[in-house]
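Novice: My questions will all concern the structure given below.
The values are calculated or read from the model by the stated rules, or taken from the named source; none is laboratory data. Owing to the predicted nature of the structure, the values given are computational and were not obtained by experimental measurement. So basically every Cβ, Gly included, is an ideal-geometry build from the backbone, and we count neighbours across all protein chains shown.
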Amino acid sequence: MPKYTNAANSYDKKDKNKNFVNYKDRKRVPVRRGKDDFRPENRQKRSKDSPLFEEPLSNGSVPGRNAVRELLKSGRSVEKIFIQSGEREGSIKVLAAEAKSRGIPLIEVEKAKLDALCGYEQHQGIVAVASEKEYVEIEDILEIAKSRGENPLIVIADGISDPHNLGAIIRCAEGAGAHGIIIPKRRASGITPAVVKASAGAVEHLAAAKCTNVTETIKKLKDKGLWIFAAEADGTSYDKADFTLPCAIVLGSEENGVSELVRKNCDYVVSIPMRGKVNSLNVSTAAAVCCMKQ
């Protein structure tokens, strides 16, 4: 069967479902479809039993074994737990028994259903559906520190849009004993299933607040006696900073770092000395180094 090379007809008659690109002018050429492609029996079906028929994804989906384990420990209300068909061994068996003892419905489904429930994150054969993570006020985070008899340690995520980075930061912050994390409402990742999975369940134990403006939030924290440290590449070595003071550590996106206006309103800029050929660390690794310094 001949293949047409004319720019207006650049497609292979054998494959009507594949897009072709005319590399001469770099324009995508429309695909011509036959009448059979539009027959009802050939269209992709969506029904309530299909994994493609899902309500909009919310942060109530908790994928992964560690994340579900921590969810059950946290006391957050769990509506139901989905388990992949045939996966009743190892830690899933333990989690299923715990859910059953608490009267939480267990539903066996195919892998495709689990994929769709958690936005195609790695779920390890289990996804819980819980009440949404409740955001708190900044005053609540400060109250948590006071109730523990500790100086506040807060992490501020300035424009971090990668949910896996945000989840890893939450994991590091919770492990270091931070009292909360502050996340911008716009141009940043919220607490999604991907964040929950990346945090390995730490999100269940760390208070999270949302703010409209990071700069104004920093000013508010200063008024309450906190010192603000921006983690950037050209500051004073972090090991000279005293993170035992009431403080907040600002971490910027990997693309742009801490924004200029936010940086100007911080008290100090701290850096992690790099002795190798790579001149920076992943933002979640930087979070671990700084938070553990206290």
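Novice: Could you tell me how many of the residues in the stretch 142-164 are assigned to a helix (DSSP H, G or I) and modelled with pLDDT of 95 or more?
Specialist: The qualifying residues number 7.
Novice: Further question on the same structure: Looking at the stretch 210-236, which of the residues that are in contact with a Pro (Cβ under 9 Å, 6 or more places away or on another chain) and without any contact (Cβ under 8 Å) to a residue 60 or more places away in the chain is surrounded by the most Cβ atoms within 10 Å (Cβ to Cβ)?
Specialist: The selected residue is V214.
Novice: Any residue at all in the stretch 254-261 that is over 16 Å from A176 (Cβ atoms) and touching a Phe, Trp or Tyr at 6+ places or on another chain (Cβ under 6 Å)?
Specialist: So far as the stretch 254-261 goes, no, none of its residues is over 16 Å from A176 (Cβ atoms) and touching a Phe, Trp or Tyr at 6+ places or on another chain (Cβ under 6 Å).
Novice: I would also like to ask the following. Any residue that is part of a strand (DSSP E or B) and under 30 Å from E134 (Cβ atoms) - is there at least one of those in the stretch 269-285?
Specialist: Looking for residues that are part of a strand (DSSP E or B) and under 30 Å from E134 (Cβ atoms), one finds none in the stretch 269-285, hence no.
Novice: On to the next question. Please state which one of E139, E134 is in a loop (DSSP other than H, G, I, E, B), surrounded by fewer than 23 Cβ atoms within 10 Å (Cβ to Cβ) and not aliphatic (A, V, I, L, M).
Specialist: E134
Novice: Would you say F229 is closer than 17 Å to P152 by Cβ, within 25 Å of the chain's Cα centre (by Cα) and in the same structural domain as H164 (by TED's automatic domain parsing)?
Specialist: yes
Novice: What are the pairs, 6+ residues apart or on separate chains, where a residue within the stretch 119-131 that is under 15 Å from V109 (Cβ atoms) and modelled with pLDDT of 80 or more has its Cβ under 8 Å from a residue that is outside any loop (DSSP other than H, G, I, E, B) and hydroxyl-bearing (S, T, Y)?
Specialist: Cβ pairs passing all conditions: V127/S61; A128/S61; V129/S61.
Novice: Evaluate the following for L114: is it in contact with a strand residue (DSSP E or B) (Cβ under 7 Å, 6 or more places away or on another chain), under 20 Å from V78 (Cα atoms), among the hydrophobic types (A, V, I, L, M, F, W, C) and assigned to a helix (DSSP H, G or I)?
Specialist: Judged against the criteria, L114 is a match.
Novice: For the stretch 95-111, indicate whether the set of residues that are farther than 19 Å from A200 by Cβ, acidic (D, E), assigned to a helix (DSSP H, G or I) and in contact (Cβ under 8 Å) with a residue 24 or more places away in the chain is non-empty.
Specialist: Checked against the condition, which is being farther than 19 Å from A200 by Cβ, acidic (D, E), assigned to a helix (DSSP H, G or I) and in contact (Cβ under 8 Å) with a residue 24 or more places away in the chain, the stretch 95-111 yields no hits at all.
Novice: Still on this model: For the structure I just gave you, tell me whether A116 is surrounded by 15 or more Cβ atoms within 10 Å (Cβ to Cβ) and more than 23 Å from S253 (Cα to Cα).
Specialist: So A116 fits the description; yes.
Novice: Related question: When you scan the stretch 70-84, how many residues do you find that are in contact with a Lys or Arg (Cβ under 8 Å, 6 or more places away or on another chain) and more than 18 Å from E132 (Cβ to Cβ)?
Specialist: Final tally of qualifying residues: 1.
Novice: Mind listing whichever residues of the stretch 237-267 are outside any loop (DSSP other than H, G, I, E, B) and crowded, with 17+ Cβ neighbours inside 10 Å?
Specialist: Y238, C247, A248, I249, V250, L251, G252, S253, G257, V262, R263
Novice: I'm trying to understand the selection: among the residues of the stretch 117-131, which are part of a loop (DSSP other than H, G, I, E, B) and either under 18 Å from the mean Cα position of the chain (by Cα) or in the same structural domain as T212 (by TED's automatic domain parsing) (or both)?
Specialist: Initial filter on the stretch 117-131 (part of a loop (DSSP other than H, G, I, E, B)): 118-125, 131.
Scanning the stretch 117-131 gives C118, G119, Y120, E121, Q122, H123, Q124, S131.
Novice: Whether any residue in the stretch 243-253 is touching a Leu at 6+ places or on another chain (Cβ under 6 Å), modelled with pLDDT of 95 or more and not hydrophobic (A, V, I, L, M, F, W, C) is what I want to check.
Specialist: yes
Novice: Oh, and also: For the stretch 202-236, how many residues are part of a helix (DSSP H, G or I), aliphatic (A, V, I, L, M) and in contact with a strand residue (DSSP E or B) (Cβ under 7 Å, 6 or more places away or on another chain)?
Specialist: Residues that pass the stated criteria total 3.
Novice: Can I ask one more? For the stretch 268-291, which positions are more than 17 Å from G167 (Cα to Cα), in contact (Cβ under 8 Å) with a residue 12 or more places away in the chain and surrounded by fewer than 21 Cβ atoms within 10 Å (Cβ to Cβ)?
Specialist: Hits for the stretch 268-291 are Y268, V269, S271, I272, P273, N279, S280.
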